[in-house]
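Structure first, then comments.
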Amino acid sequence: MKRKSFIRFASAVGIGISLLGTYACKETKKEKVENSEVVADNSDAEPFFELSLAQWSMHKMIREEGVDPYSFAEKAKNWGFTGLEYVSQLYNPELEDAGYSEEAMANFVAKSNAEAEKYGMKNVLIMIDGQGNLAVNDEAERNETVEKHKKWVDAAAAMGCHAIRVNLNGSNVPEEWIKNSVDGLTKLATYAKTKNINILVENHGGLSSNGELHAEVMKTVNMDNCGSLPDFGNFCIERKPESWDCLKEYDKYKGVKELMPYAKAVSAKSNNFDADGYDTGIDYVEMLKIVNKAGYTGFIGVEYEGSEISEEEGIIATRDLLLKAAKEIQ
């Protein structure tokens, strides 16, 4: 589906700066002064989280329009973000064609670091895809997958990230999936611990989108550098044959509640918006209540996946919705 034309770059800069100031907010507190109730104006405070951008929000720009993935830091800065969440597959075929060689990975790290430093951005994490399945029944394949992920652990450490995001693809039998997931994650997290890197699992389809089973894996692994990355929208457990339409979906609010005790990052998925700027499929106010109640104060990453408006418009709309929703719960 074709998207609307992008907002002009200079306009995005101005909007980003002005709207951040507009929506930044503080909790309104009531104070007693000589038996009179005075409402303190705290409207200029920051939200309880920091804003990062998931690079996947730009995947159409990169894949279809030829936007350089290394312009990520510059664009995120101009859109009003402070943190960067990289996506490994968006640097293919560059890395893939090189077999993820030491030289290719070092080049990726050096260029990404240079851009982040140039624009004063924080490297938060790297989302890893296409590097094998950590929850398959075949132990040799699981071990191979762990080895493939180690180079990304090293890259994350060299970039100052705190984590990599992995997927738990493999068996669809709950008992097998839990056992395999615990094994694969424990092996990878054991290595990552030596690099001071967290291994995070997103609810990303299949059994990983079953909040109860996902939380059970986290509890069983029981390592301080292995946690969850709750995504507001990825709770489809089973899709229709030959279709992307969801056949079986887990309750998203229940799922986020179950994953938040283990969360070391959070992803704000978005697709479509109503006339007031609210996501039509996800109650952001309710989601932020859940996140806030869990005591989370880290980065929340914007991940726009819609098609009714351009990626740039969707990124800005999601950013503004997060800030507005944060104001409504405080």
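Global size of the range 260-330: 12.0, 35 Å for Rg and Dmax (C-alpha atoms, Rg to one decimal, Dmax whole). By DSSP, the beta bridges lying fully in the chain are antiparallel in about 20 percent of cases.
Note on the range 223-330: antiparallel DSSP beta bridges, both residues inside, total approximately 35 percent of the bridges counted. Ordered by solvent-accessible area of protein heavy atoms (1.4 Å probe), largest first, the residues Asp154, Asp97, Asp279, Asp245 come out as Asp97, Asp245, Asp154, Asp279. Taken over the range 51-183, the convex hull of the Cα atoms encloses 115 Å³ per residue.
Counting other Cβ atoms within 10 Å of each Cβ, which trypsin sites (Lys or Arg not before Pro) in the range 191-226 have at most 16 and sit in a DSSP loop?
Working: sites: Lys193, Lys195, Lys219; in loops: Lys195.
Counting only loop positions with at most 16 other Cβ atoms within 10 Å, the trypsin sites (Lys or Arg not before Pro) in the range 191-226 are Lys195.
All alpha carbon pair distances within the range 99-155 were sorted into 5 Å bins beginning at 0; the resulting P(r) in whole percents reads 4, 17, 22, 20, 15, 10, 6, 4, 1.
Quick one, can you get me the convex hull of the C-alpha atoms of the range 229-293 expressed as volume per residue in Å³?
Details: hull volume 5.9 nm³, N = 65.
Dividing the Cα hull volume of the range 229-293 by its residues yields 91 Å³.
Scaling the Cα radius of gyration of the range 210-330 by the globular reference 2.2 N^0.38 Å produces a ratio of 1.09. The residues His162, His214, sorted by heavy-atom accessible surface at 1.4 Å with ligands and nucleic acids left out, run His162, His214 from largest to smallest. Local charge for Lys257 was computed over the other residues whose Cβ lies under 15 Å away, with Lys and Arg +1 and Asp and Glu -1, and equals -2. One chain, two ends: Glu117 and Asp274. Fully extended at 0.36 nm per residue, the span grows by 52.9 nm beyond their Cα-Cα distance. Using the alpha-carbon positions of the chain, Rg (one decimal) and Dmax (whole number) come out as 20.2, 73 Å. Looking at the range 98-139, none of the trypsin sites (Lys or Arg not before Pro) sits in a DSSP loop with at most 13 other Cβ atoms within 10 Å of its own Cβ.
Accessible area ranking (1.4 Å probe, heavy atoms, ligands and nucleic acids excluded), largest first, for Ser270, Ser243: Ser243, Ser270. Net charge in the neighbourhood of Ala163 (other residues with Cβ under 13 Å of its Cβ; Lys, Arg +1, Asp, Glu -1) is +2.
The values are calculated or read from the model by the stated rules, or taken from the named source; none is laboratory data. Treat the numbers as computed from the prediction; the structure is a model and nothing was measured. All Cβ positions, even for glycine, are placed from backbone atoms using ideal geometry, and neighbour counts span all protein chains on display. Accessible surface areas use protein heavy atoms only, side chains included; no ligands, DNA or RNA. Shrake-Rupley method; radii C 1.70, N 1.55, O 1.52, S 1.80 Å.
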